[in-house]
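Worksheet for the structure shown next.
The values are calculated or read from the model by the stated rules, or taken from the named source; none is laboratory data. The model shown is predicted, which means the values in this text are computed figures rather than measured ones. Every residue, glycine among them, receives a Cβ derived from its backbone with ideal geometry; neighbour counts consider all protein chains shown.
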Amino acid sequence: MNIKRSKLKTNYISIMNIISQKSLLEHNTFNINVKANKYVNIKTETDLIKLLNQKQFKKIKKTIIGGGSNILLTKDIKGLVIHNQIQGIKILKSNIKSVIIEVGAGVIWDNLVSWSTKLQLYGIENLSLIPGSVGASPIQNIGAYGVELKDVFKELRAINLKTNKLRVFKKSECEFGYRNSIFKNELKEKYVISKIIIQLSKKQIVNTTYYGLENKLKKFTKKELTSELIRSKIIEIRNAKLPDPKIIGNAGSFFKNPTINKELLTNLQHDHPEIPFFENKIGIKVPAGWLIEKLKWRGHQEKNCGVSKKHALVIVNYGKATGKEILKLSNKIKKNVYKEFKINLEEEVSIL
């Protein structure tokens, strides 16, 4: 009887392709070489539930990764690393005005945007070239150029890591905020997102008010503003401003743009009358990149890491930097910004 159980267990692990001491170098865009104690690549909801139901994985810590574009790995990962590779783009409903689409969490986000613009759909073209996978998009409530995921979001499917049960989260349950959601707070590390459902428009609905984008598109008529055209211009802007993680290790914007109150803004304007700011519902947003550049961090290098020459908001791995080296540099920047401006910067990346 024990022999049969042993064979069954071995066969299952073989099918799931569980790897011990797996390097995560190719699974994070910072190019940090740490190891996962156990690693598995999951491609379906069914396989994920089967895996979670295995007794040997019930009590061990589970870490979920996708495209690895929004994490900083500072040490080897204990327990089980689950690489979420659930695929598929499926049109669930279509009418004259819009389409409702179900997308697997393992789909590369920019592949989804490309797919949508080729079908002349509107809604996520402003989110072109954001690295990472679809599963990370609601966790971060990704956003760029005046658009956020929540603008097109309907619901998502996720599996509870403790009960192994599937749950559907409606938009109102996700508690979306600026680069934030319930999955970064109350439900952090408690669910695996398997699929998201979004609604895109068949009719021309564009958001081109962002300054850099508006300049790029001013020579085009309204009729010419297709989602494909807007995507192409955003790709031009991003390529000019941000380093390619395929060439130099980085995770895009390292810090969130902080929100401050009017009193602090008034104080800052006394010494820095040129400080840019944007009012929103919860306060006044100040560009973190401006704060960092003002303190002359852009282009700064320390051994194997530094701040990008292209953009002060991007920390880069110039060689074989460790995650701890990059974290140390980011903490220096935070302390400097607080000392000068009395503003606490918050990381946009997840630090593991």
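Conditions (1) closer than 29 Å to G67 by Cβ; (2) not aromatic (F, W, Y), marked per residue:
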{"position": "G249", "(1), (2)": "yes, yes"}
{"position": "K256", "(1), (2)": "yes, yes"}
{"position": "N267", "(1), (2)": "no, yes"}
{"position": "F278", "(1), (2)": "yes, no"}
{"position": "K281", "(1), (2)": "no, yes"}
{"position": "K285", "(1), (2)": "yes, yes"}
{"position": "W290", "(1), (2)": "yes, no"}
{"position": "N304", "(1), (2)": "yes, yes"}
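When restricted to residues that are under 20 Å from P287 (Cα atoms) and not small (G, A, S), segment 132-148 contains 6. Among the residues of segment 127-144, just one is more than 30 Å from K50 (Cβ to Cβ) and out of contact with any Asp or Glu (no Cβ under 9 Å at 6 or more places or on another chain), namely A144.
Please go through segment 131-158 and give me each residue that is of a type in the set (V, I, T) and touching a strand residue (DSSP E or B) at 6+ places or on another chain (Cβ under 6 Å), ordered by number.
V134, V152
Meeting the requirement of 3 or more residues that are over 22 Å from R179 (Cβ atoms) and at pLDDT 95 or above, the helices (runs of 4 or more DSSP H) wholly within segment 249-352 are 323-341. Restricting attention to segment 341-352, and to residues there that are surrounded by fewer than 21 Cβ atoms within 10 Å (Cβ to Cβ) and among the hydrophobic types (A, V, I, L, M, F, W, C), which single residue is nearest to the chain's Cα centre (by Cα)? So the residue we want is I351. From the list Y318, Y338, exactly one residue is aromatic (F, W, Y), over 24 Å from the mean Cα position of the chain (by Cα) and over 18 Å from K241 (Cβ atoms). Which is it? Result of the check over Y318, Y338: Y338. Annotation for segment 61-70: no member residue is in contact with a strand residue (DSSP E or B) (Cβ under 6 Å, 6 or more places away or on another chain), β-branched (V, I, T) and either at pLDDT 95 or above or more than 21 Å from V134 (Cα to Cα) (or both). Filtering K256, K334 for residues that are within 21 Å of V147 (Cβ to Cβ), surrounded by 15 or more Cβ atoms within 10 Å (Cβ to Cβ) and not small (G, A, S) leaves a single hit, K256. Considering the conditions (1) surrounded by fewer than 16 Cβ atoms within 10 Å (Cβ to Cβ); (2) under 21 Å from the mean Cα position of the chain (by Cα), I197 is excluded by exactly one of them, (1).
If you go through segment 303-314, how many residues are closer than 13 Å to L327 by Cα and out of contact with any helix residue (DSSP H, G or I) (no Cβ under 6 Å at 6 or more places or on another chain)? Total meeting the criteria: 4. Please verify whether E236 is out of contact with any Leu (no Cβ under 7 Å at 6 or more places or on another chain) and at positive phi, treating the condition exactly as stated. No: the conditions fail for E236. For beta carbons closer than 9 Å, sequence separation of 6+ or different chains, a first residue in segment 169-183 that is touching a residue at least 60 places away in the same chain (Cβ under 8 Å) and a second that is outside any helix (DSSP H, G or I) and surrounded by fewer than 16 Cβ atoms within 10 Å (Cβ to Cβ), the qualifying pairs are Y178/N280; Y178/I282; R179/E346.
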